[in-house]
1. Residues that are within 12 Å of chain B (Cβ to nearest Cβ) and within 30 Å of A:Leu103 (Cβ to Cβ): does segment A:181-189 have at least one?
2. Would you be able to say whether some residue in segment B:72-95 is within 8 Å of chain A (Cβ to nearest Cβ) and of a type in the set (Val, Ile, Thr)?
3. Hey, could you check segment B:91-114 for residues that are of a type in the set (Phe, Trp, Tyr) and crowded, with 22+ Cβ neighbours inside 10 Å and say which is farthest from B:Lys178 (Cα to Cα)?
4. Any chance segment A:129-146 includes a residue that's farther than 21 Å from A:Leu57 by Cα, facing chain B (nearest Cβ under 8 Å) and either in contact with a Leu (Cβ under 9 Å, 6 or more places away or on another chain) or open to solvent by 10 Å² or more (accessible area, probe 1.4 Å) (or both)?
5. Restricting the search to segment A:108-128, which residues are under 14 Å from the mean Cα position of the chain (by Cα), more than 7 Å from chain B (Cβ to nearest Cβ) and either closer than 14 Å to A:Asp223 by Cβ or open to solvent by 10 Å² or more (accessible area, probe 1.4 Å) (or both)?
6. Being of a type outside the set (Lys, Arg), under 30 Å from B:Gln118 (Cα atoms) and touching a strand residue (DSSP E or B) at 6+ places or on another chain (Cβ under 9 Å) narrows it down to one residue among A:Ala188, A:Ala226, A:Ala179, A:Ala212; which is it?
7. Tell me which residues, restricted to segment B:1-59, are part of a helix (DSSP H, G or I), touching a strand residue (DSSP E or B) at 6+ places or on another chain (Cβ under 7 Å) and surrounded by fewer than 19 Cβ atoms within 10 Å (Cβ to Cβ).
8. Of the conditions (1) touching a residue at least 40 places away in the same chain (Cβ under 8 Å); (2) open to solvent by 30 Å² or more (accessible area, probe 1.4 Å); (3) within 11 Å of chain A (Cβ to nearest Cβ), B:Gln138 fails just one. Which one is it?
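The values are calculated or read from the model by the stated rules, or taken from the named source; none is laboratory data. Just so it is clear, the structure is predicted and the values come from calculations on it, not from any experiment. Here the Cβ positions follow ideal geometry from the backbone for every residue, glycine too, while neighbour counts run over all protein chains shown. Areas reflect the complete protein model, heavy atoms only, side chains present, ligands, DNA and RNA absent. Shrake-Rupley method; radii C 1.70, N 1.55, O 1.52, S 1.80 Å.
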Amino acid sequence: MLANPASGRLAAVLRSIQSGTSPLGAAAHSPNVIASGARGRRGMSLATNPAAQPLMLYTAGTPNGRKVSIMLEELKAMYGLDYDVHPINLGANEQKEPWFLALNPNGRIPALVDRNRKDFVVFESAAILLYLAQRYDTQRKFGFEPSEDEYSRMIQWMFFAHGGIGPMQGQLNHFARFAPVDIPYAKARYLDETKRLYGVLDIRLSDRDWLAGPDNGTYSIADMNALPWVFGHQFGGIETLDEWLNVKAWVERCSQRPAVRAGLQVP
Amino acid sequence: MSQKHFTLYSHAGGPNGWKVTYLLNELGLEYETKYLNSQKGEHKAPEFLKINPNGRLPALVDHKNGDFAVWESAAILIYLTDKYDTEKKFTFTEGNEKYELLQWLFFQMSGQGPYFGQGFWFTFFHPEKVPSAVERYQNEAKRVLGVLESVLSKKEWLVGGKVTIADIAFVPWNNSLKGLLGADFDFEKEFPATAKWHDKIINLPGVKAGIEEKARLAQQ
């Protein structure tokens, strides 16, 4: 499916991830993958299932889902906080079923349920990242104090990715892969815009290692928020990142983190 | 003439700068707006790219914070309420409501904005008619309105029982529905709770003043 992956370490990472994933979940990757369907739904509350983890992630193998699984893997590595995964079958439109709409009226993944806090639900991947950072990243390894200007910069780059890269690259993927009618103009429009957005990232990363944070930057949820989309550049037809060498280096830097590699394989 | 607290770089015709205008008005903050001419490429000029490397509007410069620049309209709303909404009138900064607010802001910024925006592009600005693209985005706009309706038919405001920046963020695009969905589109009939909610917000004094300013500029 992927042509000409990049050379070197990044290629090795890509190959290992691509060979391991399947649309309906790779239970082998995580012992906490709950079966989808009725059995999974009954496992929701701690009261009925004492072995359940405090956090439950409803997700699928898409960039937005993986933003959150990456953060959860980081929290697991840093604090030993574990989580359950409930894969949602997008092909069967499971995300539009009434039980899921009760969690997220928008009917999209990911959604997080916090059983530590009376089954509080958060949807919108970037909002989930902020929730996890504020509630569970007690040592502030992946974010900043809300009163700091650095926090605002992190938020700006998060909206940039969430409202820019995500939807525009998403439209590229739609018109390149899924649209019933072939519309060359639309493919070109969203390809151009995605490339323009990568160019903006490239400028940002020209003099720093990470999107947010003082000086050289600090790895944060701003990076996790953008990475899975950029990582998936080939899906919409952007063959390599060679045009944006700073972005390419950043992707490689992120991919060296075990939690990133693990998170990109969930579910 | 002394400099105002903020300079707001905005676009008179576009939707996103107005969210910030509404909030600045509601908070009674002092600002000067510079409307950039996108047809002349002012939003891509080097001086502006220093403020917003993405070259889009709005961007806000806070002259009382070392000329700190904020871009992405929702990020600006969060910055303003975090720093200057001292009574926390339009936001929540703790508790579950804080995250519900963020959630709705991210939904507006990625679910409403870009999709209504593509709808407008293919309806009004693209030189050729591409019916399937227009239909795709019109359908998605209706789906988004349906999501809002499912929530607003059960509660008055999106978060915590009061009007917040989450509600305000949806206004500019929802004000353009007849343009996107056609003159026959009946907001009140098809999405009654959402239309009622929208009507309440546009009658807040600061929001109303912004809407009137936009209409005035459109006539120039």
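1. No, every residue in segment A:181-189 fails to be within 12 Å of chain B (Cβ to nearest Cβ) and within 30 Å of A:Leu103 (Cβ to Cβ).
2. yes
3. The first filter runs over segment B:91-114 and keeps only residues of a type in the set (Phe, Trp, Tyr), leaving B:92, B:99, B:104, B:106-107.
In the following step, the residues that additionally are crowded, with 22+ Cβ neighbours inside 10 Å were identified as B:99, B:104, B:106-107.
On the way: B:Tyr99: 32, B:Trp104: 23, B:Phe106: 24, B:Phe107: 22 Å.
Checking each candidate, the answer is B:Tyr99.
4. Of the residues in segment A:129-146, the ones farther than 21 Å from A:Leu57 by Cα are A:139-141, A:144-146.
From the residues that got through so far, the ones that are facing chain B (nearest Cβ under 8 Å) too are A:146.
With the extra rule that they be either in contact with a Leu (Cβ under 9 Å, 6 or more places away or on another chain) or open to solvent by 10 Å² or more (accessible area, probe 1.4 Å) (or both), the set shrinks to A:146.
Checking segment A:129-146: at least one residue is farther than 21 Å from A:Leu57 by Cα, facing chain B (nearest Cβ under 8 Å) and either in contact with a Leu (Cβ under 9 Å, 6 or more places away or on another chain) or open to solvent by 10 Å² or more (accessible area, probe 1.4 Å) (or both).
5. Start the filter on segment A:108-128 by keeping residues that are under 14 Å from the mean Cα position of the chain (by Cα), which leaves A:108-112, A:123-128.
If we keep only those that are more than 7 Å from chain B (Cβ to nearest Cβ) as well, we get A:108-112, A:125, A:128.
Listed by number, the residues that qualify are A:Arg108, A:Ile109, A:Ser125.
6. Working: A:Ala188 fails: touching a strand residue (DSSP E or B) at 6+ places or on another chain (Cβ under 9 Å); A:Ala226 fails: touching a strand residue (DSSP E or B) at 6+ places or on another chain (Cβ under 9 Å); A:Ala179 fails: touching a strand residue (DSSP E or B) at 6+ places or on another chain (Cβ under 9 Å).
Step by step, each of A:Ala188, A:Ala226, A:Ala179, A:Ala212 is checked, and only A:Ala212 is of a type outside the set (Lys, Arg), under 30 Å from B:Gln118 (Cα atoms) and touching a strand residue (DSSP E or B) at 6+ places or on another chain (Cβ under 9 Å).
7. The answer is B:Ile51, and nothing else.
8. Status for B:Gln138: all satisfied but (3).
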